[in-house]
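Structure first, commentary second.
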Amino acid sequence: MAVDAVRAEHAVREFLAALGVDAEAAGMEKTPARVAEMYAYLFDGLGRDAAEAFGEPIEAGSSGLVAVQGIPFFSMCEHHLVPFFGTVDIVYQPNGGRIAGFTHFVEAVAIAAHRPQLQERLTHDIADAVQRGLGATGVLAVCHARQLCMTLREGGTYGTETTTSETIGVFANNFLLSQQAWALLKPPSQRGEGPQGQGECRR
């Protein structure tokens, strides 16, 4: 998406002036341009499809579940334009053995996150991207995040974490497979001996 940097810089300058901030004060002269540049980066996922991050899948020939955990992300709350950030865990069932390396999941999460977002929608967007990008028969996406809009506002809460999940495909209508998917996200000491085919690969 093309960014009108001049317009964005002017808008930031006007915004600061409306709040009584002197953007010409010492040390603030370049602030409008810096803010415009930063938000252009924070919103560079607009107009992009996160599913395209997967490119050509790897033909691994495996049908076992695959878990990819601890993918860091940051996004911007569309209500207040302040950050929320955390990690994403993904479990998917390959279709015809088609998988992808870890960096593709990192890129897909970043594309989905780099736009004004809601955590619930972000979680759905990630699961949808994995299903479409890999043709996965089932996807579970779990997002753990801290919302600065909950912390910074008057009377805000500190240290609160919000967890959202989205299930697509066979995980949404097959209870056993759903249980297997959630079990992969437990700490190793809590997993126990699960059914064959849970998979151990975390790319």
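So here's what we get for this one:
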{"quantity": "Number of the exception - Gln147 against (1) in contact (Cβ under 8 Å) with a residue 60 or more places away in the chain; (2) open to solvent by 50 Å² or more (accessible area, probe 1.4 Å)", "calculated": "(2)"}
{"quantity": "Residue match in segment 30-40 (condition: within 23 Å of Leu122 (Cα to Cα), assigned to a loop (DSSP other than H, G, I, E, B) and not charged (D, E, K, R))", "calculated": "no"}
{"quantity": "Scan of segment 109-120 for residues that are outside any loop (DSSP other than H, G, I, E, B) and in contact with a strand residue (DSSP E or B) (Cβ under 9 Å, 6 or more places away or on another chain), ordered by number", "calculated": "Val109, Ala110, Ala112, Ala113, Pro116, Gln117, Gln119, Glu120"}
{"quantity": "When residues of segment 69-99 are limited to those that are outside any strand (DSSP E or B) and on the phi > 0 side of the Ramachandran plot, the one most open to solvent (accessible area, probe 1.4 Å)", "calculated": "Leu81"}
{"quantity": "Unmet requirement for Ala53, which otherwise passes all of (1) within 18 Å of the chain's Cα centre (by Cα); (2) surrounded by fewer than 18 Cβ atoms within 10 Å (Cβ to Cβ); (3) under 24 Å from Phe171 (Cα atoms)", "calculated": "(2)"}
{"quantity": "Test for Gly45: is it part of a loop (DSSP other than H, G, I, E, B), in contact with a helix residue (DSSP H, G or I) (Cβ under 7 Å, 6 or more places away or on another chain) and open to solvent by less than 40 Å² (accessible area, probe 1.4 Å)", "calculated": "yes"}
{"quantity": "Single match in Ala183, Ala129, Ala145, Ala172 (criterion: in a helix (DSSP H, G or I), aliphatic (A, V, I, L, M) and under 20 Å from Met76 (Cβ atoms))", "calculated": "Ala129"}
{"quantity": "Where Leu19 falls short, out of the listed (1) more than 21 Å from Val82 (Cα to Cα); (2) exposed (fewer than 14 other Cβ atoms within 10 Å of the Cβ)", "calculated": "(1)"}
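Let's see how each residue does on (1) among the charged types (D, E, K, R); (2) farther than 24 Å from Gly61 by Cβ:
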residue: Arg98; (1), (2): yes, no
residue: Ile126; (1), (2): no, yes
residue: Gly135; (1), (2): no, no
residue: His144; (1), (2): no, yes
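The values are calculated or read from the model by the stated rules, or taken from the named source; none is laboratory data. Here the structure is a predicted model, which is why all the values come from computation and not from measurement. Every residue, glycine among them, receives a Cβ derived from its backbone with ideal geometry; neighbour counts consider all protein chains shown. All accessible areas refer to the heavy atoms of the entire protein, side chains included, with ligands and DNA or RNA removed. Shrake-Rupley method; radii C 1.70, N 1.55, O 1.52, S 1.80 Å.
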